[in-house]
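Okay, structure first, notes after.
The values are calculated or read from the model by the stated rules, or taken from the named source; none is laboratory data. Being a predicted model, the structure only gives us computed values, none of them experimental. Using ideal geometry, Cβ is built from the backbone for each residue, glycine included, and neighbour counts are taken over all protein chains shown. What goes into the accessible areas is simple: the full protein's heavy atoms, side chains included, and nothing from ligands, DNA or RNA. Shrake-Rupley method; radii C 1.70, N 1.55, O 1.52, S 1.80 Å.
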Amino acid sequence: MEHKFEREKRWGDLAGEYQTMLYRIAFSNLKNRADAEDAVQEAFLRYMKDEKPIQNKEHERAWLIRTTVHICTDILKSGWRRKTVAYEDALTAETRSVYLPYQLKDDKTLEAVLKLPVLYRNPIYLFYYEDYSIQEIAGVLNEKEGTIKTRLRRGREEVKKILTEGRP
Amino acid sequence: MGIQEVKGNEGVQEYSNKRHIVQPDRFQESLIQNLESHRQQNTETAETGHKASKTGSTRKSDEVPAAGMLGGRSGVRVNEAARSEAVQPAEVRHMSYEESDNIEIAVTEGYTLKGKLEGTQVYVEAKYEDGRTEAYQVETARVSGQTQHMIERFALQTTLQKG
């Protein structure tokens, strides 16, 4: 079992390793730079405070992603957020602030993915843009592999609708 | 529980305790009939298989499974559509996006492609929405510039991008 101060010692390395990826995941959920940064910081803080043992690298990564997704869901659910943020107009411009480690040929599809309901958005984003396998996504989102496959298929249909008909 | 004595033999069927004798000519007749029916069944199966390999994109294979294929045991379907002369199955390495020279993310089609130029060949890894991951080695010198083949086209693109 890893001691608390040992985990704190690894803070720098940890932030460097996961910060960008977690930011992208948070942004795909919140569509707002400032909120995404807050969510990532909150995830790191929870990781530091968490006393449960982390078994290995895979577990660590999955834990951080799952926590980030939960924080994003909480932020989206909050009454303040629902009443004050109108993010749709800013989406196109903000999408460019997602710095993927590769060059995208098609920004429009990513925009459409970000417009999906959260149920489909996370599996689609993790599968296509972060290159996770179905098994990994199922672990991170705490769902069955079959559920993830269904959401990927239905989410893809939704993306097509957004691109062709312009509606989610 | 006591033993119940059976009195009399009314209602008890009488068995002759004799072997059922089959007439030799009838046996031969039935054997020939069975053999004929078996032969006919085999011919029908072969014809159906031939038709399927002509029209379908998948086939039933008896070959030894090659790396990157779904499997090659009898009755297991393999992805025939992705194969061509220049495209050969390879072992899946689970290459990351960062390691790749070229990436194609096709959300609306349900797949992603990753390519890496390795000498005269391009290593291509395809991940599909249904959970399959397949890998190929593409000999780009053998690929036509006008190809419509998904993997070949992507391999050429990777060569051009890197070169």
Delta accessible area of at least 30 Å² on complex formation, residues of the stretch B:85-123, 1.4 Å probe, chain isolated as reference: B:97, B:98, B:103, B:105, B:107, B:108
Under Karplus coefficients 6.51, -1.76 and 1.60, residue-wise ³J(HN,Hα) of the stretch B:134-144 in Hz, glycine/proline x: 10, 10, 9, 10, 10, 8, 5, 5, 9, 9, 6
Residue A:52 accessible area, assembled protein chains, probe 1.4 Å, Å²: 130
Prolate/oblate/rounded call for the stretch A:98-168, Cα gyration tensor, a/c under 1.5 rounded: oblate
Interface size B-A, as summed buried accessible area [1.4 Å probe, Å², nearest 100]: 1600
Inter-label distance for residue A:143 and residue B:99, nm, one decimal - labels placed 7 Å from Cα along Cα-to-Cβ: 2.8
Occluded residues from the stretch A:122-168, i.e. those whose accessible area drops by 50 Å² or more once the chain is not alone (1.4 Å probe): A:127, A:128, A:131, A:156
Whole-percent carbon and sulfur share, accessible surface of the stretch A:116-168, 1.4 Å: 45
J(HN,Hα) series, the stretch A:121-132, from Karplus relation 6.51 cos²θ - 1.76 cosθ + 1.60, nearest Hz, glycine and proline x: 4, 4, x, 5, 4, 5, 5, 8, 9, 10, 6, 8
Modelled label reach - residue A:11, point 7 Å along Cα→Cβ, the stretch A:40-65 residues with backbone N closer than 17 Å: A:40-51
